Amino acid sequence: MKQIIFITSNKHKVREANKIGKSFGVEFKQKFFSYPEIRADSVNDVAKEGAKYCYEKLRKALIVEDSGLFINALNKFPGTYSKFVLGKIGLDGILRLMQNKKDRTAFFVSSVGFADKNQIKTFNGVVKGKIAKKIRGSCGFGYDPVFIPNGFRKTYGEDDKIKNKTSHRFKSITKFCKWYHKYS
C-alpha cells in the first residue's frame, strides 16, 4: 500500500479518498496543517497553490483537495467560496437564494493538488446536476443534501452510494490514484 499525506481538516474527505484509494493500493494519511487559500475563480488554481505552499513548508509528498459548487442561476456562486458560504448561510440560505429560480442546474468541481520535490500536478473531477427544492437526506456532508446528480432522482444526502461512484471528488481522487500508483 502506497501512502500519501492528505492535508485537510475534513475527516470525511479522507474517508472518501481511502475508499477509492483502496482498489489502487493507495492510502491517504490525514495531516492537519493550516495553509493560506488563495482567492481565485478556479478550484484548480486554489489546489495547485495550496499543494505548492504545503510542500515548501513540509518537504514531503502530499496532496490537498479543493472543491466548489457552481450554481448557474447564481452566476456560478458560491464557486470557490463554497465552504465559507455554507458556514455563513447554510443550506437553507442557498435554498432561499434559489427560491424563484427556474434554472436549478449546477456542477461540482474537485481538484486534487499534488506536490513533491519533482513536480506540482493537479487532477480534476466534475459532476453536473441540479439543486433540490428542499434539504433531502442526512448522508455525506456539505451540500450533499441539496445536490442531485444528473441521471438520478436522489440527492447525495439521500444515497451516499451514488456519491461514492459519481462525485466530483470520486473522479479527481480516482485520476490521482491511477497516476500515483504508477508514479511512486
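The values are calculated or read from the model by the stated rules, or taken from the named source; none is laboratory data. In this text the structure is predicted, and so the values were computed from the model without any measurement. Glycine also receives a Cβ, built like all others from the backbone with ideal geometry; neighbour counts cover every protein chain displayed.
If only one of 40, 51 is in contact with a strand residue (DSSP E or B) (Cβ under 9 Å, 6 or more places away or on another chain) and within 26 Å of residue 118 (Cα to Cα), which one is it?
Working: 40 fails: in contact with a strand residue (DSSP E or B) (Cβ under 9 Å, 6 or more places away or on another chain).
Answer to the selection: 51.
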Margin query: Checking the conditions here, which among 174, 105, 155, 80 is within 24 Å of residue 4 (Cα to Cα), among the hydroxyl-bearing types (Ser, Thr, Tyr) and either over 16 Å from the mean Cα position of the chain (by Cα) or modelled with pLDDT of 95 or more (or both)?
Written below: 174
Note to self: Give me the residue from region 30-45 that is surrounded by 12 or more Cβ atoms within 10 Å (Cβ to Cβ) and either part of a helix (DSSP H, G or I) or charged (D, E, K, R) (or both) and, out of that set, nearest to the chain's Cα centre (by Cα).
What the structure shows: 43
Check: List, please: which pairs have Cβ atoms under 9 Å, are six or more places apart or on different chains, and start with a residue in region 158-174 that is under 13 Å from residue 139 (Cβ atoms) and hydroxyl-bearing (Ser, Thr, Tyr) and end with one that is in a helix (DSSP H, G or I) and modelled with pLDDT under 95?
Finding: 167/16
Check: Using beta carbons and a limit of 6 Å, which pairs, at least six apart or on different chains, have the first residue in region 28-52 and at pLDDT 95 or above and the second one surrounded by fewer than 17 Cβ atoms within 10 Å (Cβ to Cβ) and aromatic (Phe, Trp, Tyr)?
Finding: 50/35
Note to self: I'm checking my understanding of the structure. Among residues of region 1-17 that are closer than 19 Å to residue 50 by Cα, crowded, with 18+ Cβ neighbours inside 10 Å and not hydrophobic (A, V, I, L, M, F, W, C), which one is farthest from the chain's Cα centre (by Cα)?
What the structure shows: 8
Checklist line | Residue that is nearest to residue 140 (Cα to Cα), among those in region 3-14 that are at pLDDT 95 or above and outside any loop (DSSP other than H, G, I, E, B) | finding: 14
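Step by step: first the residues of region 65-98, then only those that are of a type in the set (D, E, K, R) and crowded, with 21+ Cβ neighbours inside 10 Å, then the one that is farthest from residue 18 (Cα to Cα). Which residue is that? Give the derivation first.
Residues of region 65-98 of a type in the set (D, E, K, R): 65-66, 76, 83, 88, 92, 96.
When the remaining residues are screened for being crowded, with 21+ Cβ neighbours inside 10 Å, the result is 65-66.
On the way: 65: 14, 66: 17 Å.
If we take residues in region 65-98 being of a type in the set (D, E, K, R) and crowded, with 21+ Cβ neighbours inside 10 Å, then 66 is farthest from residue 18 (Cα to Cα).
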Item checked: Meets criteria (touching a residue at least 24 places away in the same chain (Cβ under 8 Å), assigned to a helix (DSSP H, G or I) and in contact with a Gly (Cβ under 8 Å, 6 or more places away or on another chain)) for residue 113 -> no
Next item on the list: Working only within region 125-144, note down all residues that are assigned to a strand (DSSP E or B), touching a residue at least 40 places away in the same chain (Cβ under 8 Å) and buried (at least 18 other Cβ atoms within 10 Å of the Cβ).
Entry: 125, 127, 131
Notebook entry, point to check: What about residue 147, is it in contact with a Gly (Cβ under 6 Å, 6 or more places away or on another chain), crowded, with 16+ Cβ neighbours inside 10 Å and of a type in the set (A, V, I, L, M, F, W, C)?
Noted result: yes
